[in-house]
Amino acid sequence: MDILYKSTRGGEENVPASLAVLKGLCDDGGLFVPMKMPEFDFTLSELKDMDYKTTAYRVMRLLLTDYSEEELKSCIERAYDEKFDVPDAVELKKAGDQYFLELFHGKTIAFKDMALSMLPHLMTTAIKKNKADKEVVILTATSGDTGKAALEGFCDVPGTRIIVFYPKDGVSKIQKLQMVTQKGGNTKVVAVKGNFDDCQSMVKSIFNDRELSEEMAQKGFAFSSANSINIGRLVPQIVYYVYAYGRLLADGAIKEGERIVFTVPTGNFGNILAGYYAKLMGLPVSKLVCASNDNKVLYDFFETGIYDKNREFVLTCSPSMDILVSSNLERLIYMMTGCDSKKTGELMRGLSEKGRYEISEDMKAGYKDFAGFYAAEDEALDTIKKIYEKTGYVIDTHTAVAAACDHKYREQSGSRDLSVVISTASPYKFAADVLYGITGKRVPDDEDVFKVTDELYALSKTKLPPAVTGLKDAPILHDTVCEKNEMKEAVRKSLGL
Ligand SMILES: *Cc1c(COP(=O)(O)O)cnc(C)c1O
């Protein structure tokens, strides 16, 4: 069965997967969604014997139907190779009464690697398939992790260029170092004087700038997106939910068909949406717990039915979740309207014009698979400490938000289902705050980052990843800083327009 894609806002339909990957965003500003959700064509017990790559192939082929077997397998081989420092790309660990699905064993030690090691291969394959003659320009706004993972993924990939914008004071020291030391002849990194939402909304408006697109087309360029709105990112993310279920079955932790909970530290709603797609495709999931930090727009949305971004933007120690506009929520909204593009478009217009929308009572039936929780800064830090003291296991600040929310969910609902906390970053990526959580002592701002990671090593005894050690003597290659309203000019300049 062929799966085709359409826009959540109705402007496009019958788009093959490869073209949706290539375009990233629909022309009408909507997001590509499958016109029909496929179901697993394997049994759950078969999962026990599948390694990560096999699971990836069996899941992704159901949604990327216009990629041939050979193409897809080649993408998977190249994506999940020795870039990952564990044999099967991800690991499931148990600490106390929680399971942690570690998705940070790739090159940039955050879960974005799971999809962004794959996307460039899906995209270059799509370029060939669609005989696209333009150089693809990946334009990305990042709250810290996407940018670096995209830079690594696209670095020196022929036929592509990548431009990354990050909020100048909104990322961790390690994140910043990772980006400004990025190699590659086709990479450009720009710091913006603003927050992540500023970067993201400006990138969206650059995308939708007709005049600029035409000028670019004349010069042989076409924009695409590596942000989590691209289905080429969403689809690879479904895989690890399915894989985790297989591992739990293989370990005898659950019986076939038993429903489990996934608790997901959420920002742009991409990761958790992939979990939801996994459920719709047949994975037994009783609840997807949407964990937010102090920027609890999503928690409020699940409580009240009102999405309202008009509020103070809080900088937290889980910066990759410091987001007020969760782009991928549009895909859930679309499903909650019963696939009504007109209604989805109206709600999204409310968001762009007034920064808010309210869903109708009947749409709230769509909440049933989700539970919204949030953990404030001190709760997250306290959770790092408690888990460390009880089990010796060290988690990062984003995972801590989820672990805290997972406990709250179980306490409030009385759920006995096994729960898996999605672990999205290595503690080394946010070493100073993790250390603060454990010791209660603030690390001074000007402290040498490598001293901090060494201290964390002394506590966690987990090997320092090359992603950290490799930064020590890396030269700074990117020092451009701009205002929000100069971002478009920065793009033009970088492309020589
Ligand atoms: C991106 C990111 C998140 C949020 O994921 P979304 O898909 O944007 O919801 C959480 N934790 C870390 C470490 C991240 O990099």
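Each value in this text was obtained by applying a stated rule to the coordinates, not by laboratory testing. Only a predicted model underlies this, so the values are computations on that prediction, with no experimental measurement involved. Reconstructed Cβ throughout: ideal geometry from the backbone, glycine too, with neighbour counts over all protein chains shown.
Taking the criterion of being aliphatic (A, V, I, L, M), surrounded by 23 or more Cβ atoms within 10 Å (Cβ to Cβ) and under 17 Å from the mean Cα position of the chain (by Cα), would at least one residue in segment 71-80 satisfy it?
Yes, segment 71-80 contains at least one residue that is aliphatic (A, V, I, L, M), surrounded by 23 or more Cβ atoms within 10 Å (Cβ to Cβ) and under 17 Å from the mean Cα position of the chain (by Cα).
Right, Ala431: more than 30 Å from Ser7 (Cβ to Cβ), within 14 Å of the ligand (Cβ to nearest atom) and among the small types (Gly, Ala, Ser) or not?
When the stated conditions are applied, Ala431 passes them.
Can you confirm whether Lys386 is away from the ligand (no atom under 14 Å from the Cβ) and loosely packed, with under 14 Cβ neighbours inside 10 Å?
Taking the combined requirement at face value, the residue does not satisfy it.
Can you tell me which residue among Gly267, Gly282, Gly257 is farther than 18 Å from Lys94 by Cα and in contact with a Pro (Cβ under 6 Å, 6 or more places away or on another chain)?
Gly257
Identify the residue in segment 44-68 that is among the polar types (S, T, N, Q) and without any contact (Cβ under 8 Å) to a residue 40 or more places away in the chain and, among all such residues, is surrounded by the fewest Cβ atoms within 10 Å (Cβ to Cβ).
Ranking the candidates gives Ser68 first.
Go through the residues of segment 102-118 one by one and say whether even a single one is farther than 22 Å from Leu471 by Cα and buried (at least 24 other Cβ atoms within 10 Å of the Cβ).
Yes.
Any idea which of (1) under 20 Å from Phe269 (Cα atoms); (2) in contact with a Phe, Trp or Tyr (Cβ under 9 Å, 6 or more places away or on another chain) is the one Ala150 doesn't satisfy?
Here Ala150 meets the rest and fails (2).
Within segment 43-144, which helices (runs of 4 or more DSSP H) (wholly inside it) include 1 or more residues that are in contact with a Ser or Thr (Cβ under 8 Å, 6 or more places away or on another chain) and within 16 Å of the ligand (Cβ to nearest atom)?
It comes to 112-116.
Go through segment 30-65 and count every residue that is among the aromatic types (Phe, Trp, Tyr) and within 22 Å of the chain's Cα centre (by Cα).
Looking only at that region, the number is 3.
Quick one: which helices (runs of 4 or more DSSP H) lie wholly within segment 179-297 and hold at least 2 residues that are crowded, with 21+ Cβ neighbours inside 10 Å?
Those helices (runs of 4 or more DSSP H) span 196-207, 231-250, 270-281.
Can you tell me which residues in segment 192-242 are over 29 Å from Lys93 (Cβ atoms) and of a type in the set (Gly, Ala, Ser)?
Listed by number, the residues that qualify are Gly194, Ser201, Ser205, Ser213, Ala217, Gly220, Ala222, Ser224, Ser225.
Conditions (1) touching a Cys at 6+ places or on another chain (Cβ under 9 Å); (2) in contact (Cβ under 8 Å) with a residue 12 or more places away in the chain; (3) within 16 Å of the ligand (Cβ to nearest atom), marked per residue:
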| position | (1), (2), (3) |
| --- | --- |
| Ser224 | no, yes, no |
| Gly232 | no, yes, yes |
| Val239 | no, yes, yes |
| Tyr243 | no, yes, no |
| Ala250 | no, yes, no |
| Gly267 | no, yes, yes |
| Leu273 | no, yes, yes |
| Val285 | no, yes, no |
| Ala291 | yes, yes, yes |
